Amino acid sequence: MTPPNVFFLAIDSLRADAVFGDHISTPNFDAHASRGAGFKQCVATTTTTTPSFSSMLTGCYPPKHGVRGLQGYQLSQGVTTWSEAFAAAGYSTHAEVTGPLLPATGILRGFQESRHRPAYRVPFFGWRDEVVERMRAYADPWFMMLHIWEVHRPYRAPPDFAKRKDKAGYEAAVHATDDWLAPVFEAAGDNTIVVITGDHGEDYPDTHLEFQLVRAARRLRRGFKLSGWFPFLDNKLAGLEIGHGFALYEHLVRVPLIISGPGVAPAAIEEQVRHIDLFPTIADLCGVDIPTGIDGRSLRSGMEGGSLVEEPAYMEAVGVKLGGDRIAGVRTPDWKLLKPPSGKSALYKLNGGAPPDEKHNLYRRYPEVARQLESVIDQVNSTEVVAESGMTSEEEATVEQHLRDLGYL
Ligand SMILES: [Zn+2]
C-alpha cells in the first residue's frame, strides 16, 4: 500500500477554544475533528512563532534545538527535523511558509522545496490557488507544511477586508480562514493524514476597558524604564499585553490539535499532549523512523484506544516584548508553574478542565508540587546546546528587516 501523504497545517495564533469552542463557526476544522482524533488539551512549547515551529518540527524542547527567540538563533545541527526524517524515508517534502520563518532560521532544513511568502501585507489573497496547484503536482508520498498568517493580527478578514479590532477581528479571521481553506483540504486528497494546529494562542482584550489597561501598562513600562529598575514588575506588566510571546497563560499555550486521515479512528482525547509529540506521532503513523533522543513521544497507542500517560509540558515565553528575558514554565492538567528570569516562581491551579485560576499564587501552600515542577525545568535545561546563531551578518540583517516589517521590532 502507498504510504499516506502528510498535510501539516499550522495556523499562526490559533487558540484551542477558537476551534473546539462553539462561538466561532469552523465547519471544515470540525469535519476533520469528527472523523479523526481531536486533542482537546494540546500545549504549545513556546508562544513565539520560530521557536514553536522548531519544537514541532524536531520533537525537542528549545534547550535541545537551540532556537530560543525570534532573533539571533538558528536550529541546531544536532537535531533531526520532521522533513529530514520523511525525506530520508522517501517522501517528497514541501514547505509554504510566511512570517518570521525565513530560511536563515534553519527550520526549513530538509524541505526539498520551500517558499517563503511575505504575506502579511495582504492576507487572504492570491497565493492560495497557486499553492493548491503545486500540491496537486507533488510526487507521492509527500509531506507538506503550510504555515498561514491569516489569523495573525492585524485582522483583515473577507468579505470586506476591513480592519477589525480584537475579539471581533479575531473571530472573523478564524471563521474566514476555515472557509477559505476548503479547496486546500480538497487538494490534499483522501490518502493524506491531515494535521491542524496553531503555533501558539493569542491574547486580545474582550472589552474596551481591558484595552485601555494594556495601553496604561505600556506607558508605565516605557515612561519609567521599568525593565532596568524593576524587572519583575516589568514582566508582570508585560503580561497584560495583547498578541502573544510575552507570557504563558492558558489562552496563549493551549492550541487545537486535530489529526485525521487513513488509519486514524475518530476519538476525542482529553488528556494533555504536547507539540513535541506531534512529529514522533506522525512518523509512527507513517512507518517512518523516530529519531532517538528527542523529548516528545508517539501518541499512537492513545489514539488507538490505549491509555495515554500525561507527561508534563515544558514551556518558554521568549517574546520580543520581554526584552530578551525568558519565562520558563511547566504545565500538567492540574498545575502550572512559572519561573520568571528574576523574582520568585509562581504556582497556579488549573483545576483539570474547570476554569483555570492563573491569579492566585499557591507556591507557598504546595511546596512539594512546586519543587517537582521546578525539577522538570532544571532537567529540560540541563541539555542546553550552545546557543550560537550560526547566521552570517547578512542573514541576521534579513531576519531583522522581516521582523521590522511584521511589526515585532
Ligand atoms: Zn506565531
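For T49, neighbours were defined as the other residues whose beta-carbon sits under 11 Å from its Cβ, and their charges (Lys and Arg +1, Asp and Glu -1) total -2. The helix-based estimate of mean residue ellipticity at 222 nm for the chain, built from -39,500 (n - 2.57) per DSSP H run of four or more residues and divided by its residue count, is -9500 deg cm²/dmol to the nearest 500.
Assuming 0.36 nm per residue, please report the length gained on full extension of the stretch D30 to F230 beyond their Cα-Cα distance.
Full-extension gain reported as 67.4 nm.
Using a simple spin-label model with pseudo-atoms 7 Å out from Cα toward Cβ, T2 and A168 lie 4.7 nm apart. Only sites in a loop by DSSP and with at most 12 other Cβ atoms within 10 Å count here; which GluC sites (Glu not before Pro) in the stretch 317-409 make the cut? Sites meeting the loop and neighbour criteria: E388.
The charge dipole of the chain, taken about its Cα centre with unit charges on the Cβ of Lys, Arg, Asp and Glu (plus for the first two, minus for the last two), comes to roughly 1520 debye. For T93, nonlocal amide neighbours, meaning residues 5 or more places apart or on other chains whose placed amide H falls under 5 Å from its own, are Q112, E113, F143.
Applying the Karplus relation 6.51 cos²θ - 1.76 cosθ + 1.60 with θ = phi - 60° to the stretch 194-204 yields 3J(HN,Hα) values of 9, 10, 10, 8, x, 6, 5, x, 7, 10, 9 Hz, where x marks Gly and Pro. For the chain, a Gaussian network of Cα nodes joined below 10 Å ranks I24, I282, I196 by mean-square fluctuation, and the top entry is I24. Evaluating 6.51 cos²θ - 1.76 cosθ + 1.60 at θ = phi - 60° for every residue in the stretch 32-47, the Karplus couplings come out as 5, 5, 7, 9, x, 9, x, 8, 7, 9, 9, 10, 6, 7, 9, 9 Hz, glycine and proline recorded as x.
What Kirkwood hydrodynamic radius, in Å, does the stretch 75-156 give when the mean of 1/r is taken over all pairs of distinct Cα atoms and then inverted? Answer for the stretch 75-156: a Kirkwood hydrodynamic radius of 13.7 Å.
Multiplying the residue separation of T398 and D206 by 0.36 nm and removing their Cα-Cα distance gives an extension gain of 65.6 nm. With R₀ set to 35 Å, the beta-carbon distance separating S301 from E368 gives a calculated FRET efficiency near 0.70.
Of the listed pairs K163/K336; K225/K321; K167/K225; K225/K336, which have alpha-carbon separations greater than 24 Å here? Correct reply: K163/K336; K167/K225; K225/K336. Counting only alpha carbon atoms, the long axis of helix 208-223 and the longest principal axis of the chain meet at about 60°. Rounded if a/c is under 1.5, else prolate if a/b is larger than b/c, else oblate: which is the chain, with a ≥ b ≥ c the root eigenvalues of its Cα gyration tensor? Taking the square roots of the gyration eigenvalues as a ≥ b ≥ c, the chain is rounded. Give, as a single signed number, the net charge of other residues whose beta carbon lies under 11 Å from the beta carbon of A238, with Lys and Arg counted +1 and Asp and Glu -1. Once all neighbours under 11 Å are counted, the net charge is +1. In this simple spin-label model, placing a label point 7 Å from the Cα along the Cα-to-Cβ direction at both D140 and E186 gives a separation of 2.0 nm. As I understand it, the value is the acute angle between the Cα axis of helix 393-405 and the longest principal axis of the Cα atoms of the chain; what does it come to in degrees, rounded to 10? Taking the Cα atoms of the chain, the angle to 393-405 is about 80 degrees. Qualifying chymotrypsin sites (Phe, Trp or Tyr not before Pro) in the stretch 96-181, where qualification requires a DSSP coil assignment and no more than 12 other C-beta atoms within 10 Å, comprise F125. Of the trypsin sites (Lys or Arg not before Pro) found in the stretch 337-385, the ones in coil according to DSSP and having at most 13 other Cβ atoms within 10 Å of their Cβ are K344, K359, R364, R365. For the chain, averaging the sequence separation of C-alpha pairs within contact (under 8 Å, six or more residues apart) and dividing by the residue count gives a relative contact order of 26 percent. The Cα center of the stretch 308-359 and the Cα center of the stretch 244-272 differ in position by 17 Å.
Laboratory data are not the source of any read-out in this text; all were calculated from the coordinates shown. For clarity, every value in this text was computed on a predicted model and none was experimentally measured. No Cβ is skipped: glycine too gets one built from the backbone with ideal geometry, and neighbour counts run over all protein chains shown.
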